[in-house]
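Presented below is the structure to which this report refers.
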Amino acid sequence: MAEHGEKPIDRERIKTFLERNKGKMKRLLSHCVHCSICAESCFLYMGHDKDPRYMPSYKAINSLGKLYKKKGKVDRDFLERIKTMVWRDCVLCRRCYCPIGVDIPSMIALGRTICRSQGVYPNFDESDQKESWL
Amino acid sequence: MFDFIRGPLLWVAFIVFFGGLVFQLLQFFTLTRKKERLFLSVHGKTKGRWSIESMRQWFESLLTTIIGTHPMMTILTLIFHCCLFVTPIFLLAHNILLDESWGISIWSFSESTTDILTVVLLVCGALFLLRRIFVRRVRAITTAFDYLILFITVAPFLSGYMAYHQWFHYKAILFAHILAGEVMLIVAPFTKLGHMLFFFLYRFLIGSEYSFGQGTRSW
């Protein structure tokens, strides 16, 4: 976990991020038909025995999608939960293929931006035994 | 009540549908005013647009899409979407109503053909439903709204089939059929069904590695 563990969440800042990108992101989230066809285009999905949690759509819907659903009214626990999805389970390689043309990486990227703005990002210190990012 | 749903409510449905599509289109063009030149493309380019080499490359590039990875799903969705548009537009009963109301006469399929197309659509819809229930990865991202949207899409066809074959109470089924069609038209521009328009906008106009066209628009 990042250094800012106890810092209160700045919900207004999260809302600003969400509002600024609303036009694009709300449409992308709305037009994802939950078909799961993007799955095979993700090497992490293929490399984890086709675990649905690694599907590009799963990651976008459960991170940014939930942030919009909750209108940014989230706590640190919530951001810590989506941290894994947007940082560890996606490397933003932009290889995900959506038949409709939904730009999934941009959603994950916004999820990262929001998490980072609240001090929620991975700690790559190898001596930290609490979490592994490999 | 029957006069209301086949009169004013039908107008409301058409106005909301076409107005909604225009609204979404205008919003899209406003939000994507920025232009950017993208040089990456999975579709290879060779000299001579119609040369055998360029067509071979184009065909190979198609295999990198869902045509290559999900051939069955590609066929299923293609058939489903074709039936979804073709059936109601070229349905004889609809065109007779159109002719009686506005004097516009368009070509129609025979009743037996549209009957078969409706059954094909319903079978595709049932397969989508089964996929949603039984395929683990689809189930993982499925919400109650996905089932509702599938039902809204299929309901006009199911009720239309039942009305044509005069199952149950004809007038009640016909009432349900018109209402189901109106509900579909009203919600289409503002829900997941909006991909009927945005599929083309995203895949052709937005600059992307996977773009089908020469899209340069950017959000």
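None of the figures in this text is laboratory data; all of them are computed from the coordinates on show. None of these values were measured; they are calculated from a predicted model. Every residue, glycine among them, receives a Cβ derived from its backbone with ideal geometry; neighbour counts consider all protein chains shown.
Overview of values
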{"quantity": "Förster radius 41 Å - calculated FRET efficiency between A:SER117 and B:MET55, Cβ distance, rounded to 0.05", "calculated": "0.25"}
{"quantity": "Cα-projected label distance for B:LEU26 with B:LEU129, points at 7 Å along beta-carbon direction, nm", "calculated": "3.9 nm"}
{"quantity": "Chain B - Rg and Dmax from Cα coordinates, angstrom", "calculated": "20.6, 63"}
{"quantity": "Total formal charge among the other residues, if their Cβ is under 12 angstrom from that of A:ALA109, Lys/Arg +1 and Asp/Glu -1", "calculated": "+4"}
{"quantity": "Per-residue Cβ neighbour rank within 10 angstrom, fewest leading, B:TRP58, A:TRP87", "calculated": "B:TRP58, A:TRP87"}
{"quantity": "Ranked B:VAL16, A:VAL91, A:VAL102, criterion: other C-beta atoms within 10 Å, fewest first", "calculated": "A:VAL91, B:VAL16, A:VAL102"}
{"quantity": "Three-way shape call for segment B:93-219 based on the alpha-carbon gyration tensor, with the a/c threshold at 1.5", "calculated": "oblate"}
{"quantity": "Acute angle (nearest 10 degrees) that the helix B:111-134 long axis makes with the longest principal axis of chain B, alpha-carbon atoms", "calculated": "60 degrees"}
{"quantity": "Backbone N under 14 Å from the A:LYS66 label point (7 Å along Cα→Cβ), restricted to segment A:19-55", "calculated": "A:53-54"}
{"quantity": "Residues B:THR87, B:THR64, sorted so that the one with the fewest Cβ neighbours within 10 Å comes first", "calculated": "B:THR64, B:THR87"}
{"quantity": "Taking segment A:11-117 and dividing mean pair separation by its residue count, relative contact order in percent (alpha carbons under 8 Å, at least six apart)", "calculated": "34 percent"}
{"quantity": "Whole-Hz ³J(HN,Hα) from phi, Karplus 6.51 cos²θ - 1.76 cosθ + 1.60, for segment B:148-164, glycine and proline x", "calculated": "5, 5, 5, 5, 4, 6, 8, 3, x, 6, 5, 5, x, 5, 5, 5, 4"}
{"quantity": "Rounded tilt (10° steps) of B:52-62 against the dominant C-alpha axis of chain B", "calculated": "60 degrees"}
{"quantity": "Helical contribution to [θ] at 222 nm, DSSP H n ≥ 4, -39,500 (n - 2.57), averaged over the protein assembly as shown, rounded to 500", "calculated": "-17500 deg cm²/dmol"}
{"quantity": "Chain B: angle of helix B:71-89 to the longest principal axis, Cα-based, in degrees nearest 10", "calculated": "50 degrees"}
